[in-house]
Amino acid sequence: MDRLLWLQLIGIAAFNQVDYLMTLEALERGYKEANPLLASMVGTFQFPLVKLLLVPLLLIFMWQMRHRIGKSLVTLTWVPFAAYSMVVLYHRSILF
């Protein structure tokens, strides 16, 4: 269980970084941030803090809590893993 969860969390972290960079590129090309929670933060110091600091901190927290949460955490982490992979594919389709 730990190995699979570790790979999922690393994947989410990697997708998050790629999403951040591709979002910056899309914003430069005139696209808008699609996430309503982050849209108001674009162009402020909060945007990179949330994307580059908060998300990794949450992933570290999830890793540390894995034994308390149990096996369901592996199942639950597929949701953001799949979502981020779709976001990265979407970015790729509009940018390249």
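The values are calculated or read from the model by the stated rules, or taken from the named source; none is laboratory data. None of these values were measured; they are calculated from a predicted model. Cβ coordinates were reconstructed from backbone atoms using ideal geometry, including for glycine residues, and neighbour counts include every protein chain displayed. Side chains included, ligands, DNA and RNA excluded: accessible areas come from the protein's heavy atoms. Shrake-Rupley method; radii C 1.70, N 1.55, O 1.52, S 1.80 Å.
Select, from Asp2, Asp19, the only residue that is within 13 Å of the chain's Cα centre (by Cα) and of a type in the set (Asp, Glu). Just one listed residue meets the conditions, Asp19. Selection of region 1-55 for residues being among the aromatic types (Phe, Trp, Tyr) and more than 20 Å from Phe81 (Cα to Cα) yields Tyr31, Phe45, Phe47.
So how many residues does region 63-75 have that are in contact (Cβ under 8 Å) with a residue 24 or more places away in the chain and surrounded by 12 or more Cβ atoms within 10 Å (Cβ to Cβ)? Full working, then the answer.
Taking region 63-75 as the starting set, the residues that turn out to be in contact (Cβ under 8 Å) with a residue 24 or more places away in the chain are 63, 66, 71, 73-74.
With surrounded by 12 or more Cβ atoms within 10 Å (Cβ to Cβ) added as a condition, the list becomes 63, 66, 73-74.
Going through region 63-75 one residue at a time, the tally reaches 4.
What number of residues within region 1-56 are touching a helix residue (DSSP H, G or I) at 6+ places or on another chain (Cβ under 8 Å) and either assigned to a loop (DSSP other than H, G, I, E, B) or open to solvent by less than 80 Å² (accessible area, probe 1.4 Å) (or both)?
Selection size over region 1-56: 33.
Scanning region 68-89 for residues that are assigned to a helix (DSSP H, G or I) and either within 16 Å of Asn16 (Cα to Cα) or at pLDDT 95 or above (or both) gives Trp78, Val79, Pro80, Phe81, Ala82, Ala83, Tyr84, Ser85, Met86, Val87, Val88, Leu89. Going by the conditions given, is Ile60 within 20 Å of Val87 (Cα to Cα), modelled with pLDDT of 95 or more and open to solvent by 40 Å² or more (accessible area, probe 1.4 Å)? Taking the combined requirement at face value, the residue does not satisfy it. Within region 50-62, if we keep just the residues that are in contact (Cβ under 8 Å) with a residue 40 or more places away in the chain and hydrophobic (A, V, I, L, M, F, W, C), the residue that is farthest from Val18 (Cα to Cα) turns out to be Met62. In a helix (DSSP H, G or I), closer than 20 Å to Leu5 by Cβ and among the basic types (Lys, Arg): is that true of Arg92 in this structure? No; evaluated as a whole, the condition is false for this residue.
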